[in-house]
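To start, the structure itself, in structure tokens.
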Amino acid sequence: MTGANTALTEDGATQHRVACYGLMYGGLAQIMAAVYEMKRGSTFGATTFYTYGGYWVGLSLLTLLHDGGAGGVEGAQAAPHVDQMVLVLYGVLTVIFFGATLRMNRALQAVFFGLAVLHFLLAIGLTYPVARHVAGWWGIGVSLTATYTGVAELYNEVYGRVLIPLGEVRTEPAAAKPPAAEISDEMGRECVV
């Protein structure tokens with residue numbers, strides 16, 4: 001979609017390809033990842049993968065049904081306010097997810113902050129074409145950030161150490177200063193250091 005939004009690719013051809021890949025990789029693969037995350041005990045991973053997987057399945061089905069001539073299925077041009085509402089709601093949900101990342105790492109924070117802004121830009125872009133163009137370029141940046149995060153998590157897990165930094169966030173309070181040591185001087189008086 002970012003290709004069409006930036007005018008790097010043709011709009012119609014891009015939508016058809018995105019619908020296919022969005023259904024399989026963006027949708028079903030993320031839903032499968034959500035099941036895995038749930039089995040691992042990661043509520044955040046399961047919730048976010050289910051949420052965005054469902055988004056991509058829905059978007060892909062809407063595109064495929066509309067282009068296939070299914071009765072009653074309107075495209076974004078026919079129902080921009082509905083699509084804007086969906087994008088704004090996903091933007092709000094992403095802001096909520098971003099709040100959870102504040103206890104995780106900087107890379108995830110960047111991804112979810114970028115996604116939230118992207119959803120709002122896309123919503124605005126349904127009314128103002130310049131915002132759609134900006135959203136396209138912003139989306140490329142978000143994609144690169146998400147790719148960096150995914151590669152870092154993969155390599156760090158495979159190698160069992162931090163090869164690619166994620167910007168870990170300290171989740172425990174800063175250590176308190178140790179109490180002042182008490183010592184005696186040469187004359188036996190106690191001194192605080």
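Out of curiosity, is Arg161 at pLDDT 95 or above, in contact with a strand residue (DSSP E or B) (Cβ under 9 Å, 6 or more places away or on another chain) and more than 28 Å from Leu8 (Cα to Cα)?
Answer is no for this residue.
Hey, can you tell me all the residues within the range 1-34 that are open to solvent by 60 Å² or more (accessible area, probe 1.4 Å) and at pLDDT 80 or above?
Residues satisfying the conditions are Cys20, Tyr21, Met24, Tyr25, Leu28, Met32.
Name the residue, out of Leu144, Leu166, Leu154, that is under 19 Å from the mean Cα position of the chain (by Cα), modelled with pLDDT of 95 or more and not in a helix (DSSP H, G or I).
Values: Leu144 fails: not in a helix (DSSP H, G or I); Leu154 fails: not in a helix (DSSP H, G or I).
Being under 19 Å from the mean Cα position of the chain (by Cα), modelled with pLDDT of 95 or more and not in a helix (DSSP H, G or I) holds for just one of Leu144, Leu166, Leu154, which is Leu166.
From the residues in the range 101-121 that are open to solvent by less than 40 Å² (accessible area, probe 1.4 Å) and over 11 Å from the mean Cα position of the chain (by Cα), which one is farthest from Met85 (Cα to Cα)?
Asn105
Residues in the range 15-53 that are within 21 Å of Val95 (Cβ to Cβ), among the β-branched types (Val, Ile, Thr) and in contact (Cβ under 8 Å) with a residue 40 or more places away in the chain: how many? Working first, answer last.
Our first condition is that a residue be within 21 Å of Val95 (Cβ to Cβ); within the range 15-53, this holds for 26, 30, 34, 37, 42-53.
Narrowing the set further to residues that are among the β-branched types (Val, Ile, Thr) leaves 43, 47-48, 51.
Applying the additional criterion that residues be in contact (Cβ under 8 Å) with a residue 40 or more places away in the chain yields 47-48, 51.
Of the residues in the range 15-53, 3 are within 21 Å of Val95 (Cβ to Cβ), among the β-branched types (Val, Ile, Thr) and in contact (Cβ under 8 Å) with a residue 40 or more places away in the chain.
The values are calculated or read from the model by the stated rules, or taken from the named source; none is laboratory data. Worth saying up front: this structure is predicted, and the values here are computed from it rather than measured. Every residue, glycine among them, receives a Cβ derived from its backbone with ideal geometry; neighbour counts consider all protein chains shown. With ligands, DNA and RNA removed, areas are computed over all heavy atoms of the protein, side chains included. Shrake-Rupley method; radii C 1.70, N 1.55, O 1.52, S 1.80 Å.
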